[in-house]
Amino acid sequence: DVCGFMDRQGDKLRARLSAAITVAGVEGYVEVLGRSSNLVFATRDRAGRPSQAFRTLLLQELVLRGILALSLVLSFAHDDDALDQTVAAFAEALHVSARALEDGSPDGGPGRWRIGRPVQPVFRKRA
């Protein structure tokens, strides 16, 4: 039952990432959303506004830890070891996000923590 496996793994991943978000103290700033086998994450700035700058920071920190996660689409290959690697990378990246939220730039962005420009949404009125 491949679909059932992917949903169960996604449920585990959602629960473990939600716990990591709580431990890092970024509840309300990072949120895991979506169907269990096709999770996404949302990021918000210090004012609680959706933030591509903080999304970029989280993506940057995940890549530095070997995880490319624009979204969290699961496959049959995502066994418990893969979930462990993903959660460990997220846990570390979330702590960086927490520090950036604490001492971010005056406009509420991640300031010195982010390297480069923020990512842009794929679907927008003008490119």
Members of the stretch 1-19 found to be surrounded by fewer than 16 Cβ atoms within 10 Å (Cβ to Cβ) and within 12 Å of the chain's Cα centre (by Cα), listed by number: S18
Index of the failed condition, A53 passing every other in (1) assigned to a helix (DSSP H, G or I); (2) under 27 Å from D7 (Cβ atoms): (2)
Selection within the stretch 20-58 - open to solvent by 60 Å² or more (accessible area, probe 1.4 Å) and in contact with a Lys or Arg (Cβ under 7 Å, 6 or more places away or on another chain): Y29, P50
Residue in the stretch 93-103 that is part of a loop (DSSP other than H, G, I, E, B), surrounded by 17 or more Cβ atoms within 10 Å (Cβ to Cβ) and more than 13 Å from the chain's Cα centre (by Cα) present: no
Hits in the stretch 71-88 (condition: in contact with a Ser or Thr (Cβ under 8 Å, 6 or more places away or on another chain) and open to solvent by 80 Å² or more (accessible area, probe 1.4 Å)): V73
Condition met for R117 (loosely packed, with under 12 Cβ neighbours inside 10 Å, of a type in the set (D, E, K, R) and touching a residue at least 40 places away in the same chain (Cβ under 8 Å)): yes
The stretch 58-79, residues that are in a helix (DSSP H, G or I) and in contact (Cβ under 8 Å) with a residue 40 or more places away in the chain: L59, Q60
Only listed residue being at pLDDT below 95 and either touching a Pro at 6+ places or on another chain (Cβ under 6 Å) or in a helix (DSSP H, G or I) (or both), chosen from R112, R46: R112
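The values are calculated or read from the model by the stated rules, or taken from the named source; none is laboratory data. Since the structure is predicted, the reported quantities are computational estimates derived from the model, not experimental observations. Heads up, the Cβs are rebuilt from the backbone with ideal geometry, glycines too, and the neighbour counts pull from every protein chain shown. These area figures cover heavy atoms from the full protein model, side chains too; ligands, DNA and RNA do not enter into them. Shrake-Rupley method; radii C 1.70, N 1.55, O 1.52, S 1.80 Å.
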